[in-house]
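Okay, so here's the structure we're looking at.
The values are calculated or read from the model by the stated rules, or taken from the named source; none is laboratory data. Every value quoted in this text rests on a predicted model; they were computed, and no experiment measured them. Ligands, DNA and RNA are excluded from the accessible area calculation, which covers all protein heavy atoms including side chains. Shrake-Rupley method; radii C 1.70, N 1.55, O 1.52, S 1.80 Å.
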Amino acid sequence: ENARLDETKLQISEPLQTIGYPAGLQIGMQLGNGQELNPSHANASMSRKPDNNRFQMQTVAMGGQSGSPVMDADRHLVGVLCSGYRNNEIT
């Protein structure tokens, strides 16, 4: 109920964050004692004016992280990570 559903109101350079499992189990199980799966957190920022269905952000993301929540500075859900470009930080 606290999600921001109108992505057209997101602002360029607005700080965002993701939490998820980049590279699936590879990274999440490597850190710590190897017995529990730990998520990775990444800071991001809006990098392109959003349309009605998607927005672009600058962050580090990789395969296995699709479905990760994207949150604003107040930790409200603003989107779900679904794709990116290889060898850069456009997601």
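Checked against (1) of a type in the set (S, T, N, Q); (2) open to solvent by 70 Å² or more (accessible area, probe 1.4 Å); (3) over 13 Å from Tyr21 (Cα atoms), Ser66 meets all criteria but (3). Of the strands (runs of 3 or more DSSP E) lying entirely inside segment 4-91, those containing at least 3 residues that are modelled with pLDDT of 85 or more span 15-20, 40-48, 69-72, 77-80.
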